[in-house]
Structure formats: C-alpha cells, structure tokens
2 protein chains.
Amino acid sequence: MTLPATHPLLDGRTAASALVTTYRGVRGDRTPVWFMRQAGRSLPEYRELRVGTRMLDACLDPAMASEITLQPVRRHGVDAGIFFSDIVIPLKLAGVDVEIEPGRGPVLAKPVRTLADVSALPDPDGADFTAIEQGVALTVAALGSTPLIGFAGAPFTLAAYLVEGGPSKDHIRARTLMHADPEAWEGLLSWAAAVTGRFLRAQLLAGASAAQLFDSWVGSLSKADYVERVAPFSKKALEPIRDLDVPVVHFGVGSGEVLAPMHEVGADVVGVDWRLPLDEASRRLGGGVTLQGNVDPALLAAPWPVLEAHVLDVLRRGRSAPAHVLNLGHGVPPETDPDVLTRIVELVHERGGAAAEESR
Amino acid sequence: MTLPATHPLLDGRTAASALVTTYRGVRGDRTPVWFMRQAGRSLPEYRELRVGTRMLDACLDPAMASEITLQPVRRHGVDAGIFFSDIVIPLKLAGVDVEIEPGRGPVLAKPVRTLADVSALPDPDGADFTAIEQGVALTVAALGSTPLIGFAGAPFTLAAYLVEGGPSKDHIRARTLMHADPEAWEGLLSWAAAVTGRFLRAQLLAGASAAQLFDSWVGSLSKADYVERVAPFSKKALEPIRDLDVPVVHFGVGSGEVLAPMHEVGADVVGVDWRLPLDEASRRLGGGVTLQGNVDPALLAAPWPVLEAHVLDVLRRGRSAPAHVLNLGHGVPPETDPDVLTRIVELVHERGGAAAEESR
C-alpha cells in the first residue's frame, strides 16, 4: 500500500510547495519557515479555545486538534502546519494509562521498569488512530496547498517517559535500564518503535506531506549508547513509512554529538537545536544533508534588531547545507509574543531563498 | 598574601597526596577517586543528621557542614573531601534573599532581570564568610592527610539562578538577558565572578587544597555564547585565587563543545560529564590536560559486573590524559546504594594507577 491518489503529495497540492521541495533537498526561491510548537500556548486564540478542555482530550478531538493546527498557519503565514498532538498520544491510543498533569507533564499510572512490565504492554497493533486520521483529514482539507507535517516521539524519548513514569532530569532510570537489563530495554524500544511507526503511518496516509521524528531527550546519551542502544529502534520506527516516499525530519535537543547517526536512521532532513551553528552541523554531516533550524528561542524575547541579526546569521549559515528550512532550535516558549514569530516569517520570506541570496 | 604556612599544602599534610599530585598532572601509583555530591542524600548518616535542619542552615553551621563533609570520606575511603555547601551559599552570604525549597531547589525573593536590578545587588566585598572558614578549618583538621576540595558555582550558573529566580529548563531568561541587555549581563556576571572568587579564596585560605568551579548549566549554551559572554567571567572568578597556586578543576554538564575554552579560563583539570568518553575529551583538549570523571551515574544502579566493566573502561580511557582522577560524570543520585560507591573506590584503588596498569 502506498499513498492514496487523493493525497496532497500526489494530487498536486503540496508536492511543489516550498517546504516539500526543500525537504527533498532542492533549494528554491523561498526559504520555508515554520516553528516547532507554533500551535499552542503562545497564541491567545489557542488559550481561549482550550479553556475547559484537557490537553489529551484536545488532541483526540478531531475538530479541535485541526483548528489548533490551523491557527498559527493563518496567523503567521508559515510554510507548514504541524499536526497538534502530544508525544504521549500514541501511547494512550495503544492503551497505556497516561495523563497530562498541568504544569508537570505526562504522568503514567504504572511505570515500565522490568521485562515483565514490558511484556505486559498492550499490543501496538491494537491502537485505534481514527481520531488522529480524522483530525489530519480535516486539517489537510483546510490547508490546501500548505503541507501538513505529521509527528511522533522517537522510541528513546517515549521509553524515557514509560520508564520514568513522568518527566525527569537526565532520564536516569531509563538509562539505567538500558544497561542493567538489555533484554527489557530492547523489548521496550521495539514496542515503542512499533507504536511510533503506526502513528506516523496513520498521519501520512490521512494526508500529511512530511513527518518529523522528535527524539527530544537524545542529548542525555553518549554517542556510543545512542548508536548501539537507541538508533536501531529509531530506524525501525521509520520502516513502516519508508514505502510512502514522504520526507522525514529527525530532530533532537543537545544532539551535536549524534547528528550523523540521527541522519543515518533514514532521515532526509536533520533538525538542529540552538547550540550548534548550522554551518558546523552541516560539516559534521558531510555537507550533503538538508537542515532545519535553528533560531535560539531565547532570542525571541530580545529586541528586534538583535533577533533580526540572529535570524539573518542562521540563514547565512544555512547556506552551507544543500537546502534549509528555517525553524527554531527548540519549541516556541509559551510566553513568546506571537507578533515576533510573524515578523520572523516575513523576514525569512523576504531575505531567505536562492533569489534573495543572489541579489545581495 | 599567599597561603599561610600552616596550610595543609605547605605543612606537608596534603601536597604529596594522590589527589593533589594527580591534579598537578603527575600520574602516580594510585588513581585517586572521589564523587561529586558524595556528601549528602545518598548516605543514611547524612539523612539522620539533617533531620530538622534546613539545607542552608546546615551549610552555615560549621560543625554540621564539617561532619557532613567527613561522612563519605570515612565511609568510602575516597581520596578527597569536598566541602559541603550549596551553590547559592555565596549569594546568600553576600546578602541576596534566597532560600532552598525542598523538592524544588533555590528560590530567590526577587529575580535579577534589569540593569537596575544588577545595580541594586549587594556589595560582594560585604560578604561574611566566617561560617565557611570555620567549617573548612574544622574539616581540614579532621581530614589529616586527605585533601579538602573547596567549591563554587561559576558565574554563568549563579547568574542563571539570579535571573530565573529559581531552577529552570534551558535557563532561557538568563540566555535572553545575555543578548537583550549586554550591559546588564556583564554587570551581573562581573558581580557573580567577584562573589565566586571571594568564596573560593576564603575556602582555600582556610585550608582547602584544591578548588572546583562548577558551571553546571554550561551545556545550555552555544560555544560562541560561552566563549564571548561567559568564559571571560569564569576567568575573572579564578583571578582572586591565582596567586595561591592551588590546583583548580573546572566541571560542566553537557560541556563537550566547550571543553577547550573551559580549560583556557585557567583550570588545571577539566571535569568531564558522562556523555563524552575521556579519550575523546582528551583529544579535544590537545592531549595535555589532566582529566576528572566520568562514570555514568545511571550505571550505579546496574548490576555490579556491568558497572565494574564500565569503571574499568573509564580508567582505560583516562590513560589518554597525562593524569586522571576518577569521579562520576555528574553528582551521586540521591537513591544510590552507598555500598556501590565504596566498591568503586576499592576497584579504582586496586586497578587504577601506573603500577596496576603496568602489571596488567
């Protein structure tokens, strides 16, 4: 099975968009721009819509998830929507008892810490992604020629939540399990890879034109641990969507040491966090990999001339890659002034891209 | 003024110790070992002693701080004590209104976010370190030939607390200030450098035989920000102790990109976190720098054969540096079984050091 003929990549809606062509490695006249966490708490219209609705309920309400996804596209004129969801949604849909505690984050009723716990995890094939498929379909219909990006957490980041039972610093329990019980670890990451793969595939078949795999916590790992005990499962998570020929972005925080293996799991584009300049990231990747990133979110609250100079510096360094999608180096902080994001989009559309570069 | 003649480095007590000679770059028959956060919550005798006493009160009670410092030396047979204190103690002694909220960390009554706030900070010369000096003197008298390490937070890490007003993720407000208001930033870091320098000097004059500067949060910075906006102030913090000729260790978490500039601020030894193998750290430092580290704290809870193999691997990789002090790659997690730490000390004393290496 491949993408349906009515899919936006096949019916002519998004295949020639700035985002999709850039993700495919072709530098065009326009540098596309979107922002991780563009949908969400930085927008007053989001805060208004969410009143009285819990986070996971919002993600699982197709109309609400779609509306939230569309809000930043309308407001900022970004080059992509990213489907509004939460990293634990596929766990919940697979049958894991997880809730989001406001101000704290995801909390599991029962952490997964032994081989027996891993064996007791629900069958990933039992997950029902209907609400997600409906939300994606609604969103894609409304977006028209603007592509939608599907997303999922990578197996390590999901496993860290499952082992810790909630947010954690340095994810130390998960990293202990990795070494203390390799059989349980491999079982857990295989399970997470299966869930992630199915979640991504559901979003893509329903109409998303690209996928982003978030390994948010990869920066807590040594390169050796990443390569030996994590990357094989990230690769496995991408296998169920390989036949769809949809561009895949792989992003992690604090990932400077593992950019190359993150690319090698089968990503087309590597997302870079704010710590590493794009020219250095491109060097570490051998110069041939399309990059996404990496405006420092801390600069969003700086005076405009400081932020403007930084964005232009990011565009300049992004020239060292074959193609570049401008984004932040991490998610939009909740307290961000949304007008600043709109202004960045205007700046990037005016000053990014091949034509603007050549005319300088 | 230099060290008093009765100082342990001058009166013959600690100058020839395994720790001090190794910190001075000489590999001896014994690889010294101590653990960051060896004093504290992992020890039942600590938890018992602390009942009813608040954290900062314990730090400022000379007898209690000394006893807490001595507990892990007695129990584990480590090669050094590190004076029990908290990173915000010098701020408090300088007159900043700060408390430790159990389960949360340091919280400031009034965060420092503008140039006016910086100007209103108390005079660093007004700090009274008498309680610290008394605690250090008591400890040094009890330690005999075991050296005591003094410690302080580096200016960036202190500034991050001051700007955020408490613990924070990615220290984004501090990093915003760094770019948004360079004048306030420089004023704040100069202030923190002055406090840190005085705090370190007080501990050294009172009898500490080495100093460790902790820039715990340096991993949130790009290399450029570290080099341009942070390192000059870490260098400044070390100036008040340069004439004392006491070895200085510089440690940061997630510091793989900035090891060389961290060395260049004037450190004799670089502490490496668990992410970067010591042989790679040594390579990045040009091969001539003494290293400290870097057993992964996550492995402390793994079965002994797994941990033992890891410790031996750390010792092996540490051979790539001129000299090596074994430590963890971060602090002892509170839930650590203390017997495991004792066992590591025995292993390192048996298998580390030049003689053991040559006999293999």
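The values are calculated or read from the model by the stated rules, or taken from the named source; none is laboratory data. This one's a predicted model, so the numbers in the text were calculated from it and none came from an experiment. All Cβ positions, even for glycine, are placed from backbone atoms using ideal geometry, and neighbour counts span all protein chains on display. With ligands, DNA and RNA removed, areas are computed over all heavy atoms of the protein, side chains included. Shrake-Rupley method; radii C 1.70, N 1.55, O 1.52, S 1.80 Å.
Considering only residues that are buried (at least 18 other Cβ atoms within 10 Å of the Cβ), touching a Pro at 6+ places or on another chain (Cβ under 9 Å) and charged (D, E, K, R), which ones fall in region A:1-38? Of everything in region A:1-38, those that are buried (at least 18 other Cβ atoms within 10 Å of the Cβ), touching a Pro at 6+ places or on another chain (Cβ under 9 Å) and charged (D, E, K, R) turn out to be A:ARG13, A:ARG27, A:ARG37.
Among residues of region A:282-303 that are within 8 Å of chain B (Cβ to nearest Cβ), those with a beta-carbon under 7 Å from a residue that is of a type outside the set (Phe, Trp, Tyr) and in a strand (DSSP E or B) at least six positions away or on a different chain give the pairs A:PRO297/A:LEU328. Among the residues of region A:221-274, which ones are within 14 Å of chain B (Cβ to nearest Cβ), hydrophobic (A, V, I, L, M, F, W, C) and touching a residue at least 12 places away in the same chain (Cβ under 8 Å)? Selection gives A:LEU221, A:VAL227, A:VAL230, A:VAL253, A:VAL258, A:LEU259, A:VAL272, A:TRP274.
Can you name every residue in region B:320-343 that is away from chain A (no Cβ under 12 Å), aliphatic (A, V, I, L, M) and either part of a loop (DSSP other than H, G, I, E, B) or within 15 Å of A:ARG175 (Cβ to Cβ) (or both)? B:ALA321, B:ALA323 - these are the residues of region B:320-343 that are away from chain A (no Cβ under 12 Å), aliphatic (A, V, I, L, M) and either part of a loop (DSSP other than H, G, I, E, B) or within 15 Å of A:ARG175 (Cβ to Cβ) (or both). State yes or no: is A:LYS92 open to solvent by 40 Å² or more (accessible area, probe 1.4 Å) and either out of contact with any helix residue (DSSP H, G or I) (no Cβ under 8 Å at 6 or more places or on another chain) or in a loop (DSSP other than H, G, I, E, B) (or both)? No, not satisfied. Once region B:72-85 is narrowed to residues that are touching a strand residue (DSSP E or B) at 6+ places or on another chain (Cβ under 9 Å) and in a helix (DSSP H, G or I), the residue that is most open to solvent (accessible area, probe 1.4 Å) is B:VAL73. Listed by position, the helices (runs of 4 or more DSSP H) contained in region A:200-313 that have at least 3 residues being at pLDDT 95 or above and open to solvent by less than 10 Å² (accessible area, probe 1.4 Å) are A:231-242, A:278-284.
Within region B:141-164, which residues are open to solvent by 10 Å² or more (accessible area, probe 1.4 Å) and over 14 Å from the mean Cα position of the chain (by Cα)? Answer for region B:141-164, where residues must be open to solvent by 10 Å² or more (accessible area, probe 1.4 Å) and over 14 Å from the mean Cα position of the chain (by Cα): B:ALA141, B:ALA142, B:LEU143, B:GLY144, B:SER145, B:THR146, B:TYR161, B:GLU164. Within region B:316-336, the set of residues being touching a strand residue (DSSP E or B) at 6+ places or on another chain (Cβ under 7 Å) and within 17 Å of B:GLY28 (Cβ to Cβ) comprises B:GLY318, B:ALA321, B:PRO322, B:ALA323, B:HIS324, B:VAL325, B:LEU326, B:ASN327.
Scan region A:217-228 and give yes if some residue there is out of contact with any helix residue (DSSP H, G or I) (no Cβ under 7 Å at 6 or more places or on another chain) and at positive phi, otherwise no. For region A:217-228, residues out of contact with any helix residue (DSSP H, G or I) (no Cβ under 7 Å at 6 or more places or on another chain) and at positive phi: absent. A Cβ distance below 6 Å, combined with a sequence gap of six or more or placement on separate chains, defines the contacts here; from region A:13-26, residues that are at positive phi reach residues that are buried (at least 16 other Cβ atoms within 10 Å of the Cβ) and outside any loop (DSSP other than H, G, I, E, B) in the pairs A:GLY25/A:THR290.
Find the residue count for region A:165-199, including only residues that are more than 30 Å from A:THR22 (Cα to Cα), part of a helix (DSSP H, G or I), open to solvent by 10 Å² or more (accessible area, probe 1.4 Å) and basic (Lys, Arg). Spell out the reasoning first.
Step one: list which residues in region A:165-199 are more than 30 Å from A:THR22 (Cα to Cα), which gives A:165-191.
Applying the additional criterion that residues be part of a helix (DSSP H, G or I) yields A:172-180, A:182-191.
Next, from what is left, pick out any that are open to solvent by 10 Å² or more (accessible area, probe 1.4 Å): A:172-173, A:176-177, A:179-180, A:182-183, A:186-187, A:190-191.
Narrowing the set further to residues that are basic (Lys, Arg) leaves A:173.
The total comes to 1.
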